[in-house]
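Have a look at the structure below before the remarks.
The values are calculated or read from the model by the stated rules, or taken from the named source; none is laboratory data. What you see is a predicted model, and the numbers here were worked out from it, not measured in a lab. Here the Cβ is made from the backbone with ideal geometry for all residues, glycine too, and neighbour counts use every protein chain on show. Quick note on the areas: whole protein, heavy atoms, side chains included, nothing else; ligands and nucleic acids left out. Shrake-Rupley method; radii C 1.70, N 1.55, O 1.52, S 1.80 Å.
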Amino acid sequence: MAYTEEELKKELETKEYEYGFYTDIESDTFPKGLNEDIVRAISKKKNEPEWMTEWRLEAFRIWEKMEEPEWANVHYEKPDFQAISYYSAPKAADPNKSLDDVDPDLLEMYRKLGISVDEQKRLQNVAVDIVVDSVSVATTFKKTLAEKGIIFMPISEAIQEHPELVKKYMGTVVPKTDNFYAALNSAVFTDGSFCYIPKGVRCPMELSTYFRINEGGTGQFERTLVIADESSYVSYLEGCTAPSRDENQLHAAVVELIALDDAEIKYSTVQNWFPGNAEGKGGVYNFVTKRGICEKNAKISWTQVETGSAVTWKYPSCILKGNNSVGEFYSIAVTNNFQQADTGTKMIHLGKNTRSTIISKGISAGKSQNSYRGLVQIGSRAANARNFSQCDSLLMGNECGAHTFPYIEAKNKSAQIEHEATTSKIGEDQIFYCNQRGIDTEKAIALIVNGFSKEVLNKLPMEFAVEAQKLLEISLEGSVG
Amino acid sequence: MLKINDLHASVEEKEILKGINLEVNAGEVHAIMGPNGSGKSTLAAVIAGKEEFEVTKGNVVLDGEDLEDDAPEDRAHKGVFLSFQYPVEIPGVSVTNFMKTAINESRKAKGLEDMPANQMLKLIREKAELLEIDRKFLSRSLNEGFSGGEKKRNEIFQMAMLEPKLAILDETDSGLDIDALRIVANGVNKLKSKDNAVIVITHYQRLLEYIVPDFVHVLHNGKIVKSGGKELALELEAKGYDWIKQEATV
Ligand SMILES: Nc1ncnc2c1ncn2[C@@H]1O[C@H](COP(=O)(O)OP(=O)(O)O)[C@@H](O)[C@H]1O
Ligand SMILES: [Mg+2]
């Protein structure tokens, strides 16, 4: 089939969500609504110490006084925060069980997610923590990691087992008061991962968390905290899926990264939450706060492949506090049908000789809207700070939109800031050229999109680059027969 | 092999091809010449199946089969190759990756497995040598930042890789200096056999000194107004197209 605007449009509408299955596991769900009692109940359910309960309550009281932000270039019906259930745990889950003891239905779900036990064995090099709805179900490779002194566990366990680390760092990068969703998350977060890499240790494997929303009418609020102690290194990957549902589901996560002197954290995300159907019904609201802080000579790289969610609001950021620290942001954001994404980054240069790189690739199809929003801020003491930003947009069809909002605030004259932006369209001539060489339109689009995204795909860990590439193809699949 | 019968094609209600008849047999080289805007590239695109052009009358038959319902990629799988007058750029896709995809897609259409990597590499090496293409060139993004000559040479490299039954070369000579022209022509000649055919679209006699045609056709205003042997090309070179235009309007 050859490509025409009209056909492309039609086919895009027939796109199906690959992970839209629902596993019928008995689950333990709280009544809908949010108040101090619910916050206390979550804390109690998690067996938390008093300080944690108080911390949550304080966040709740802050959140109550806040307004949902409206500045993003997205339009959606505001979630009714009293119509959401803030805790849902699959009943069969027990973090102490080995994978062999896990409920066969859950195992089946992992299989569908493509992260079966077999696969984990095959990937060998990846330790996986799987969070379904609100609870971590299994963390693999715990022992191997423990030998190196690496702590990788559900955050709820970390609160019990390593309260000193959690207390010291949680909320230091993303304070409770930071924004509406971060405050909400701080009050009600139910799970997520905790990771600590000791001084001088290079984590020998990729650490990975898999998030999934299963139950209807629930929100998912994970909290991830990664601490790389001096001169350590870790590469972390998070993946996400959710089943297809008519109603919108809320996802409001907080991720905090702490890279101490000379440490390096690579944080990669493959986000594939349910984007809603072809009419724009359902889908996940993905309102995420991700931020990292770099001490002296430290480096944080965010790499994200965002293909899912109905509405995305997300700006993984770096605070370059230490001298000579480095921040990087590599992003591919795909929107199709009625999806809306407002994503980008903030690079806050505080230290001297700090450097940041931003490469953003936006791909829009259907009637979707894709916005890049980035802030490069150079503090008055950040002598010789440098930033390079490149934002490229690729459009498919005539009904979608791409927008770029780069903000620059430089308070130090020695700063060097470069910004490049391009917008291109997949042309009929490109498609015909591929067709003429025997490549059908669907494959042609995949090829062109992959070529467009290559600089970012190359930044992903090998094991996941292929998966991400497949995901891009799936997201734009049906862009043809 | 190829038979074009009373072919009419238009774009946006404007008729561009106005009744083309042409027969090309295996082993033959045909040249199509004609002034700018006469419809040469349109004819090539219609043979390759570009849907932008609507065939309003007549048909294109390959090996006895009407191609009407075949999408461009189906025609490619049947052995039709078009060397584009203006090859497009595909950023981020290397020449090698593009060729690998093209070859494996054609194989898939024939029910064959992907070509093993070592065989692919061998083939690429061999054909790159034939066209005196630097291997570094093959890892560059397809046509991005290529010079005019590099683009054309790359088209013929792709032709060499795909070994088509029917190759249509649309102004492959434009943009080539004399050395590159010789290399490209030499490549085309090496690929010629009694089983395949070549249609060379050109303005100039120059290329035809290297790729010697069995027949020369003159296209004017959407019609073939004159056909002859290779000496017709020389005549056109000497006299220009005006006399043809006059003859055609008489
Ligand atoms: N896509 C198109 N839309 C409108 N007119 C076209 C299109 N393509 C070609 N034409 C017109 O058709 C005529 C023949 O063009 P073309 O086949 O490119 O000629 P040639 O290759 O012989 O120079 C020209 O008048 C050209 O302007
Ligand atoms: Mg032409």
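Quick grid of which residues meet (1) farther than 17 Å from B:Leu166 by Cα; (2) facing chain A (nearest Cβ under 7 Å):
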| position | (1), (2) |
| --- | --- |
| B:Asp63 | no, no |
| B:Asp70 | no, no |
| B:Asp74 | no, no |
| B:Lys78 | no, no |
| B:Tyr86 | yes, no |
| B:Gly92 | yes, yes |
| B:Thr101 | yes, yes |
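Regarding region A:462-475, can at least one residue be identified that is touching a residue at least 12 places away in the same chain (Cβ under 8 Å) and assigned to a loop (DSSP other than H, G, I, E, B)?
No: zero hits.
Among the residues of region A:19-49, just one is at pLDDT 55 or above, out of contact with any helix residue (DSSP H, G or I) (no Cβ under 9 Å at 6 or more places or on another chain) and part of a loop (DSSP other than H, G, I, E, B), namely A:Gly33.
Of all residues in region B:165-172, at least one satisfies being within 14 Å of chain A (Cβ to nearest Cβ), open to solvent by 10 Å² or more (accessible area, probe 1.4 Å) and at pLDDT 95 or above.
When B:Glu23 is tested against the conditions (1) acidic (Asp, Glu); (2) touching a residue at least 40 places away in the same chain (Cβ under 8 Å); (3) under 30 Å from B:Lys226 (Cβ atoms), the lone failure is (2). For region A:427-447, a residue qualifies if it is over 25 Å from A:Phe274 (Cβ atoms), among the β-branched types (Val, Ile, Thr) and touching a residue at least 24 places away in the same chain (Cβ under 8 Å), and the qualifying residues are A:Ile431, A:Thr441. With respect to the conditions (1) assigned to a strand (DSSP E or B); (2) touching an Asp or Glu at 6+ places or on another chain (Cβ under 7 Å), A:Lys367 falls short on a single one, namely (1).
Taken as a whole, the condition of being in contact (Cβ under 8 Å) with a residue 12 or more places away in the chain, in contact with a Leu (Cβ under 6 Å, 6 or more places away or on another chain), more than 25 Å from A:Tyr433 (Cα to Cα) and surrounded by 19 or more Cβ atoms within 10 Å (Cβ to Cβ) applies to B:Val216.
Checked against the criterion of being within 30 Å of B:Leu62 (Cα to Cα), part of a helix (DSSP H, G or I) and within 16 Å of ligand 1 (Cβ to nearest atom), region B:152-166 has at least one qualifying residue. Within region B:45-61, being open to solvent by less than 40 Å² (accessible area, probe 1.4 Å) and facing chain A (nearest Cβ under 10 Å) holds for B:Ala45, B:Ala48, B:Gly49, B:Lys50.
Of all residues in region B:46-105, which are within 16 Å of ligand 1 (Cβ to nearest atom) and basic (Lys, Arg)? Result: B:Lys50, single match. Among the candidates B:Ser106, B:Ser38, the residue that is open to solvent by less than 20 Å² (accessible area, probe 1.4 Å), polar (S, T, N, Q) and more than 9 Å from chain A (Cβ to nearest Cβ) is uniquely B:Ser38. For the subset of region A:186-235 comprising residues that are of a type in the set (Ser, Thr, Tyr) and modelled with pLDDT under 90, which member is farthest from A:Thr172 (Cα to Cα)? In this case the residue turns out to be A:Thr218.
Summed over region B:149-169, residues that are touching a Lys or Arg at 6+ places or on another chain (Cβ under 6 Å) and farther than 16 Å from B:Arg135 by Cβ total 0. Selection within region B:186-206: residues that are open to solvent by less than 30 Å² (accessible area, probe 1.4 Å) and either in contact with a strand residue (DSSP E or B) (Cβ under 7 Å, 6 or more places away or on another chain) or at pLDDT 95 or above (or both). The member of this set that is farthest from B:Val80 (Cα to Cα) is B:Thr202. If the condition is being without any contact (Cβ under 8 Å) to a residue 60 or more places away in the chain and more than 16 Å from ligand 2 (Cβ to nearest atom), then region B:27-64 contributes B:Gly49, B:Glu51, B:Glu54, B:Val55, B:Thr56, B:Lys57, B:Gly58, B:Asn59, B:Val60, B:Val61, B:Gly64. Region B:181-250 holds strands (runs of 3 or more DSSP E) entirely within its bounds, and those carrying 3 or more residues that are more than 23 Å from B:Phe157 (Cα to Cα) map to B:215-220, B:223-228. For region A:383-442, a residue qualifies if it is touching a helix residue (DSSP H, G or I) at 6+ places or on another chain (Cβ under 9 Å), more than 14 Å from chain B (Cβ to nearest Cβ) and over 17 Å from A:Ala365 (Cβ atoms), but none of them does.
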